[in-house]
Structures are given as structure tokens and as C-alpha cells.
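J.: The structure's right below; bear with me while I get my questions together.
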Amino acid sequence: MKSEVVQNNQKLIVTVMNDGAVAASFVEGYALFFKNGKVVDHDSAYFTDNDSEIKPGKSIMKELSTREDYDSYELYFDGMGR
């Protein structure tokens, strides 16, 4: 899996790409938003198609957003391959 992020002041536009040979199931992304080193908000989204997967060679884009002012973020992903 690979990910790319485009950031602005209210959201992250995250694209997750399956560069592997098998489908990834139930891929969930978590974003923690920080201000001065402290967590001010969080958001999450599933990066899946209608089969709850990301097929090999495919990409899925989602927005992770906050209403809080932030100066940094961390992304975490969880899911299963089969």
C-alpha cells in the first residue's frame, strides 16, 4: 500500500493505492490533528470499494477533516490482505 496526502487548513485529501498483488480488505485510515504538539481532533474513513476492498492496482480517495486549527497531523492505516 502507498498513500498520498494533499493538505489544507481544514482537511486532508488522502489517496490510498494498492500496489500489491492481492486485494486489501477493510482498509481504514485514521488522522490525528495536532496543534503545538497536542491532539486537537481526529477523523477516520474506510478506503474501500463496494466489496469492502481495494483491488490490486486501484486507488481510493477520501477526505479526513477537522474544524480545529492544526499545525501537524499523523496518519495511521489498518486493514487485511487476503
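Quick note: the coordinates plus some simple rules give every number you see, no bench work behind them. This one's a predicted model, so the numbers in the text were calculated from it and none came from an experiment. Glycine also receives a Cβ, built like all others from the backbone with ideal geometry; neighbour counts cover every protein chain displayed.
J.: Mind checking which strands (runs of 3 or more DSSP E) fall wholly inside region 29-82 and carry at least 1 residues that are of a type in the set (S, T, N, Q) and within 25 Å of Asn18 (Cα to Cα)?
T.: Values: elements: 38-46, 59-65, 72-81.
Filter on region 29-82 gives 38-46, 59-65.
J.: Looking only at region 40-76, which residues are under 14 Å from the mean Cα position of the chain (by Cα), closer than 18 Å to Lys11 by Cα, surrounded by fewer than 17 Cβ atoms within 10 Å (Cβ to Cβ) and among the small types (Gly, Ala, Ser)?
T.: Ser44, Ser65
J.: Only residues in region 54-67 that are within 16 Å of Glu28 (Cα to Cα) count as the first member; pair them with residues that are among the basic types (Lys, Arg), Cβ under 7 angstrom, at least 6 apart or cross-chain, and list the lot.
T.: That search, which allows pairs on different chains as well, returns Glu63/Lys11; Leu64/Lys11; Ser65/Lys11.
J.: Now for a different question. Scan region 12-20 and give yes if some residue there is in a strand (DSSP E or B), small (Gly, Ala, Ser) and in contact (Cβ under 8 Å) with a residue 40 or more places away in the chain, otherwise no.
T.: no
J.: Quick one: which of Gly20, Gly37 is exposed (fewer than 15 other Cβ atoms within 10 Å of the Cβ) and out of contact with any Gly (no Cβ under 9 Å at 6 or more places or on another chain)?
T.: Values: Gly20 fails: out of contact with any Gly (no Cβ under 9 Å at 6 or more places or on another chain).
Checking each option against the conditions leaves just Gly37.
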